1. From the list Asp151, Asp118, Asp170, exactly one residue is farther than 18 Å from Leu40 by Cα, at pLDDT below 95 and touching a strand residue (DSSP E or B) at 6+ places or on another chain (Cβ under 9 Å). Which is it?
2. Taking region 126-168 as the search range and keeping residues that are in a loop (DSSP other than H, G, I, E, B) and touching a residue at least 24 places away in the same chain (Cβ under 8 Å), which one is surrounded by the fewest Cβ atoms within 10 Å (Cβ to Cβ)?
3. For residues that are of a type in the set (D, E, K, R), assigned to a helix (DSSP H, G or I) and either buried (at least 17 other Cβ atoms within 10 Å of the Cβ) or touching a Gly at 6+ places or on another chain (Cβ under 6 Å) (or both), tally how many sit in region 51-86.
4. Select from region 90-112 the residues that are surrounded by fewer than 21 Cβ atoms within 10 Å (Cβ to Cβ), in contact (Cβ under 8 Å) with a residue 24 or more places away in the chain and not in a loop (DSSP other than H, G, I, E, B) and list them in ascending order.
5. Name the single residue, out of those in region 113-125 being touching a Phe, Trp or Tyr at 6+ places or on another chain (Cβ under 7 Å) and of a type in the set (A, V, I, L, M), that is surrounded by the fewest Cβ atoms within 10 Å (Cβ to Cβ).
6. Which residues, counting only those in region 20-61, are under 17 Å from Gly80 (Cα atoms) and free of Cβ contacts under 8 Å to residues at least 24 places away in the same chain?
7. Hey, Leu40 hits all of (1) buried (at least 20 other Cβ atoms within 10 Å of the Cβ); (2) within 15 Å of Cys91 (Cα to Cα) but one; which does it fall short on?
Amino acid sequence: MESEKNIEKVNAQQTSEMMCVGIAADHGGFELKVQLTSALRNYGYEVEDFGAHELIPGDDYPDFIIPLARAVGKGTVVRGLAICGSGVGACIVANKVPNVRASLIFDSFSAHQGVEDDDMNMMCLGGQITGCKLALELVLTFLHASFKAEDRFIRRLAKVTVLERDNNKDNITT
């Protein structure tokens, strides 16, 4: 068991050398954000914290998730972690930002498959429903995964990109 943890830490350190991870949460995900930020830094990841920087019960998730999603969409950070009470609101707002492919994650398969097949670049978690131990496992799985870049996945992403571009044109002209 201890050797598995050491291997996991070495793998995380190798991955972390080339990856800046962004993280954001409202009051509903604040405690989980604090715990994940600390754990990821202990694994050697560079973590950019987009807030909240203090627990304020009446804050609003878009105030923190939108700046994170914009950074992910522009490539300022490679991957993003967005946390609110259920993860749903964070996921909805993140996916409104161009070039963001966010998903609400509850299981390890989706955490890696979303990156491998769909080039997911933002993971959303429910701070009120996902415990720290499971959340860290899911986050590490997400961060270790790589896009497969097979023809079928590239073709599908191109279709999503066209839709996103067309939707942005519609928003500009209306």
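The values are calculated or read from the model by the stated rules, or taken from the named source; none is laboratory data. Keep in mind that what you see is a predicted model, and the values were worked out from it rather than measured. Neighbour counts are summed over all protein chains in view; Cβ atoms, including those assigned to glycine, are modelled from backbone coordinates with ideal geometry.
1. Numbers: Asp151 fails: touching a strand residue (DSSP E or B) at 6+ places or on another chain (Cβ under 9 Å); Asp170 fails: touching a strand residue (DSSP E or B) at 6+ places or on another chain (Cβ under 9 Å).
Every option except Asp118 fails the conditions.
2. The initial filter retains those residues of region 126-168 that are in a loop (DSSP other than H, G, I, E, B), namely 127-131, 145-150.
Right, trim to touching a residue at least 24 places away in the same chain (Cβ under 8 Å) and you get 127-130, 145-148.
Values: Gly127: 25, Gln128: 14, Ile129: 14, Thr130: 22, Ala145: 19, Ser146: 10, Phe147: 16, Lys148: 15.
Taking the candidates together, the pick is Ser146.
3. Of the residues in region 51-86, the ones of a type in the set (D, E, K, R) are 54, 59-60, 63, 70, 74, 79.
Restricting the remaining residues to those that are assigned to a helix (DSSP H, G or I) gives 63, 70, 74.
From what is left, the residues that are either buried (at least 17 other Cβ atoms within 10 Å of the Cβ) or touching a Gly at 6+ places or on another chain (Cβ under 6 Å) (or both) are 70.
Qualifying residue count for the region: 1.
4. Hits for region 90-112 are Ser108, His112.
5. The residue in question is Val115.
6. Answer for region 20-61, where residues must be under 17 Å from Gly80 (Cα atoms) and free of Cβ contacts under 8 Å to residues at least 24 places away in the same chain: Val34, Thr37, Ser38, Arg41, His53.
7. In the conditions (1) buried (at least 20 other Cβ atoms within 10 Å of the Cβ); (2) within 15 Å of Cys91 (Cα to Cα), Leu40 misses (2) alone.
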